[in-house]
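Before any comments, here is the structure.
Since every read-out is calculated from the coordinates, none of them should be taken as a lab result. Predicted, not measured: the structure shown is a model, and the values here were computed from it. Neighbour counts are summed over all protein chains in view; Cβ atoms, including those assigned to glycine, are modelled from backbone coordinates with ideal geometry.
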There are 2 protein chains.
Amino acid sequence: MTAAQADGGDPRRVVVLAHEKFPDAAKTATGVLKYADYDVVAVLDRDKPGTVASDHRADLPDVPVVASMDDAPAADALLVGIAPIGGGFDESWRDDVRTAIERGCDIIAGLHYFLNDDEEFAALAAEHGVELNDVRKPHEDLSVAQGTAADVDADIVLTVGTDCSVGKMTVSLELLEAARERGVDAGFIPTGQTGIMISGWGNPVDRVVSDFTAGSVEEMILEVGDEYDVLFVEGQGSIVHPAYSAVTCGILHGAMPDAMVLCHVAGKEVIHGYESFDLPPIPEYVDLYESLAAPVHESSVVAGALNTADVDDDEAARDAVDAYADELGAPATDIVRFGADEILDAVLED
Amino acid sequence: MTAAQADGGDPRRVVVLAHEKFPDAAKTATGVLKYADYDVVAVLDRDKPGTVASDHRADLPDVPVVASMDDAPAADALLVGIAPIGGGFDESWRDDVRTAIERGCDIIAGLHYFLNDDEEFAALAAEHGVELNDVRKPHEDLSVAQGTAADVDADIVLTVGTDCSVGKMTVSLELLEAARERGVDAGFIPTGQTGIMISGWGNPVDRVVSDFTAGSVEEMILEVGDEYDVLFVEGQGSIVHPAYSAVTCGILHGAMPDAMVLCHVAGKEVIHGYESFDLPPIPEYVDLYESLAAPVHESSVVAGALNTADVDDDEAARDAVDAYADELGAPATDIVRFGADEILDAVLED
């Protein structure tokens, strides 16, 4: 059983909070709608009541959007599907969270602000016997890596990137689905709050004690790695990011991947939010990831995933993908636009 | 004023606890004796009362070793100078800590176990108006790096290593002293508990939230970087360590060094505690550190520091140093055995 299932084995009925941000600024909400095993019964967005999710984006299901928890159908949990800058709790959500608890819903949140530390919510949750699940709170028993992730039965495939927000989680989850469709016994290792919410378990690798970064990834791989033939590990950040490279490096060495998929956004030239830093050329990324991985575990960039969402027509997108494959010296595609086949072939062959 | 000075500007009188471990298994105690601005008035080691520190190691001062706090002279603080595996508090130290608090001493400790969380010590400290300084507890306002450490006036020199415990802190502190002897306005950026205890301030970079690894280094450099011409930054771990590379990578990108000194132990071939992992060849370390640094800030390995403590005679040590310099393609020496000149020349020329 996963955390996405209720005790009876049926998917849990979940309401997803995405006020004023749905869908394009609500990455967690759309990720949960697309990839989680939950039965999403409603999205909360006070700006868009009376619509359905698919009105806003064709790749989303026909889930109703309602203005508040008062208008939502029966559910087992309320999931906070937006993450404001800084990770705070927006007080305009308080009524909905209160109503959900009073209706007996668990609350699932990935904020830096822990709902368990909120006196009102903690008291109300105790009174109504529901759980406040702060997925970004690391558990107490994390430790340093032992260098043993490669010992599991599964092959490990890690998504790595040229920057943050280039699609590493999406690529991992699309590869997971595509592999399962081919009958491959594949699993997913989440490393960030959205991935954790989607899969219902996992360590928030960007929130653990720095010494335990690799260890927190290794722990997850050891826990499930013998149950699968392939594990897709969600990468974070970039190995040349001025702020987040530590997490990237810890995941690279903690996961001990057999293969890597390099994720990139077409046309991207500088690091998002750090615009004085140019992205190195693509072959330099390949060299860096491979040469840094090798002393701990030999690994190759076997394929590339290019996000061409900002490229209008398919022909231009195809040209961008071909150019990216040339730079990489490996197969590449836009997995959302053109499907996962090229990448999955490369990954499974490796 | 630094934390090593009492209010009047005189060095603080400190007793250093090192029960049963002094000197060779008490790295923090010996580091404090050699490098801190404290006036160390006694070392506690119940196995060696009646001796002086210099009886045990020639490079240590003539500080008396006593059996317990009852035998120690007047002091301003008791500093815990040993760090057991796991970072716990050894109950055999409780009497000494209690006595010290009752005598009005602050307690300085770098344990994972925070003295402020110990009910007896917290109550006693409040009663006697003394401070429990848990230097390994990160402060609350840490954040992500902005990529701005290179903007300070000082040149940044980072010690990097082939493994943990190869002398990065010692090399940084010896370079600091040697630079000051030459009249260079040099400062030190500590990143671990011993460095923090020696210098009396600093962020425990290995204990911060992983996303803030680089930011916690950058914060220190921005705080003091315009006051000095050169800053020696204490490195941690190794970029190819299965467990600790995340911290190494965060320090590398957070510090944005202008120059790096590669620290190594003569004859070392495998990673300590992870003996199935071979150390890569020295030139590979140079390539990795330089190529990983470059996209954030160009940096070169300008010199090497070789620890030859296990090499018996000076001639063999000199041969080892010469061979290391050849591998590096840069000047090298054993800074403890032969002095800092070669490395300092290379660092200051750069």
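The table for this structure:
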item	result
For the protein assembly as shown, radius of gyration divided by Kirkwood radius, i.e. Rg to Rh on alpha-carbons	1.01
Segment B:149-349 - Rg and Dmax from Cα coordinates, angstrom	15.6, 46
Sparsely packed GluC sites (Glu not before Pro) within segment A:265-350, loop by DSSP, other Cβ within 10 Å at most 11	A:269
Test item: B:284-295 mean partner chain Cβ contacts at 10 Å	4
Considering only chain B, percent of DSSP beta bridges that pair antiparallel, nearest 5	10 percent
Extreme residue, positive dipole direction of segment A:149-349, given options A:309, A:232, A:273 (C-beta unit charges)	A:273
Relative contact order computed over segment A:13-134 (Cα-Cα under 8 Å; 6+ residues apart), in percent	23 percent
Residue among B:37, B:106, B:90 with the largest mean-square fluctuation in a Gaussian network model of chain B, springs linking Cα atoms under 10 Å	B:90
Label spacing, shortest first and in nm, from residue A:86 to its equivalents in the remaining copies (7 angstrom along Cα→Cβ)	4.1
Label 7 Å beyond Cα on the Cβ vector: residue B:131 copy-to-copy distances, nm	4.3
Options B:32, B:105, B:61, ranked by Cα towards positive dipole end of segment B:13-134, top entry (Cβ charges)	B:61
Global geometry of segment B:13-134, whether rounded, prolate or oblate, following the gyration tensor of its Cα atoms and the 1.5 cut on a/c	prolate
Cysteines having no other Cys beta carbon under 4.7 Å from their own, within chain A	A:105, A:164, A:263
Choice from B:253, B:128, B:264 with maximal GNM fluctuation in chain B (Cα, 10 Å cutoff)	B:128
DSSP-assigned coil residues among trypsin sites (Lys or Arg not before Pro) in segment B:155-216, each with at most 14 further Cβ atoms within 10 Å	B:182
Acute angle (nearest 10 degrees) that the helix A:213-224 long axis makes with the longest principal axis of chain A, alpha-carbon atoms	80 degrees
Average Cα contact separation per residue, chain B, under 8 Å, 6 or more apart, as relative contact order %	14 percent
Choice from A:331, A:283, A:64 with maximal GNM fluctuation in chain A (Cα, 10 Å cutoff)	A:283
Shortest-first nm distances, residue B:283 label point to equivalent points in other copies (7 Å, Cα→Cβ)	2.0
Per-residue average of Cβ from other chains inside 10 Å of A:247-255	6
Computed over segment A:149-349: relative contact order in percent, which uses C-alpha pairs under 8 Å that are six or more apart	25 percent
Within segment B:144-192, GluC sites (Glu not before Pro) in DSSP loop having at most 16 other beta-carbon neighbours inside 10 Å	none
